[in-house]
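**Q** My questions will all concern the structure given below.
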Amino acid sequence: MGGGRVSATGSLDRFLAEVERRAYRQAAFAVRDEQAALDIVQDAMMKLAEKYADAPQQEWPLLFQRILQNAIRDYYRRQKVRNFWTTALSFFASGHEDQEEDDPLEHVQSTDERDDPVHIISAGKNIAMIEQAIEKLPARQREAFLLRYWEELDITETAAVMGCSEGSVKTHCSRAVHTLADLLRNKGIIDE
Amino acid sequence: MNEDAYARKVLTALDDSLADLRPDVLRRLRNAREQACELASQHASESRFRGMHSATLVDWIRQHRVGVIGILLATLVVLGGVMWQSSGNNEEDMADIDAGLLTGDLPVNAYLDNHLSKWADSSDSAN
């Protein structure tokens, strides 16, 4: 009985070791903040261990992805509330004429600064460009693309994790691939 | 354009980048994983402990089936004996009372007569 427990914990350890890096990258693509991404992955691991360690091991990948995507969505929600209050407070603090300078969309667009060639060369040219291209995808397209192709979930599983129809998954994936192809072709890497 | 093939080509390049994560990121991921496994282990121990306690009595009864049945039978025999004994005593008591009534100087109706009871009480108090 004790041996079974040890092997179950060992299986969980192996499973998490296998998925942790991709999970981190997924979270980092989504939230564009390394520390927040690490927190999200840690939360997802803890929730899986707390609630689903006894579940059949073949269900772990789907459960983990569902928990991870929910954690990312929770982060978005918290950020939205935080941004609202930050914007509101700065509006009252600095007066009406400054409100356009604090448009949250400008902060989102600021990642385009990474197009700087010096940054691309220092980080490893092609991979950095691919990462940037994936970051630029709309959130739902990126989610579908990574779940479907990187996590190798089938369309039904991807739809279950994303909480949408299978048709939507196909559409998101197709659009994501075409957008990526355009972006990467413009940068001169990965021809079709 | 073969979308599947293109997507896999892109993600193969991305897979290669996973090996180059910074050491501090890898350390945090390892710590998170260890904490999660520890939590899972604790939960497993707790549920096993709860399961053990609920199963102990049932297991003990299964192992000592013959003894338990013997104890139950012995208890039934003792209870039956006590009941039989007490019912026998009642009959003897009733027989004694009947014998006392029939062999006494007073007729049986005297014991049922309220006037006689009052007279006996008043004569007791007069003495």
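**Q** Find the Rg to Rh ratio for segment A:1-95, where Rh is the Kirkwood radius over alpha-carbon pairs and Rg uses the same atoms.
**A** Rg/Rh: 1.17.
**Q** Right, another one. If we count every other residue with Cβ under 14 angstrom of A:P61's Cβ, Lys/Arg +1 and Asp/Glu -1, where does the sum land?
**A** With Lys, Arg at +1 and Asp, Glu at -1, the net is -3.
**Q** Kindly express, to the nearest 10 degrees and within the range 0 to 90, the angle between helix B:65-103's C-alpha long axis and the longest C-alpha principal axis of chain B.
**A** 20 degrees
**Q** Also, quick follow-up: Tell me what chain B gives for mean residue ellipticity at 222 nm when only DSSP H runs of n ≥ 4 count, each as -39,500 (n - 2.57), the sum divided by the residue total, rounded to 500 deg cm²/dmol.
**A** -31000 deg cm²/dmol
**Q** Which residue fluctuates most in the GNM of chain B (Cα springs below 10 Å): B:D16, B:D98, B:D59?
**A** B:D16
**Q** Same structure, new question: May I ask you to list the GluC sites (Glu not before Pro) in segment A:145-183 that are in a DSSP loop and have at most 13 other Cβ atoms within 10 Å of their Cβ?
**A** Working: sites: A:E151, A:E152, A:E157, A:E166; in loops: A:E151, A:E152.
Qualifying residues, ordered by number: A:E152.
**Q** Quote the charge dipole size of chain B about the Cα centre in Debye, to the nearest 20; the model charges only the Cβ of Lys and Arg (+1) and of Asp and Glu (-1).
**A** About 1600 debye.
**Q** Go through segment A:175-181 residue by residue and turn each phi into a ³J(HN,Hα) via Karplus (6.51, -1.76, 1.60, θ = phi - 60°); whole Hz please, and just put x for glycine and proline.
**A** 3J(HN,Hα) across segment A:175-181, in whole Hz: 5, 4, 5, 5, 5, 4, 4.
**Q** Under 25 °C and 0.890 mPa s, how fast does chain B diffuse according to Stokes-Einstein, given a Kirkwood radius computed over C-alpha pairs? Answer in µm²/s, whole number.
**A** After rounding, the answer is 95 µm²/s.
All of the numbers you see were taken from the coordinates with simple rules; none came from a lab. From a predicted model like this one, the values you see are computed outputs, not experimental measurements. Counting neighbours? That spans all protein chains shown, and the Cβs are built from the backbone with ideal geometry, glycine included.
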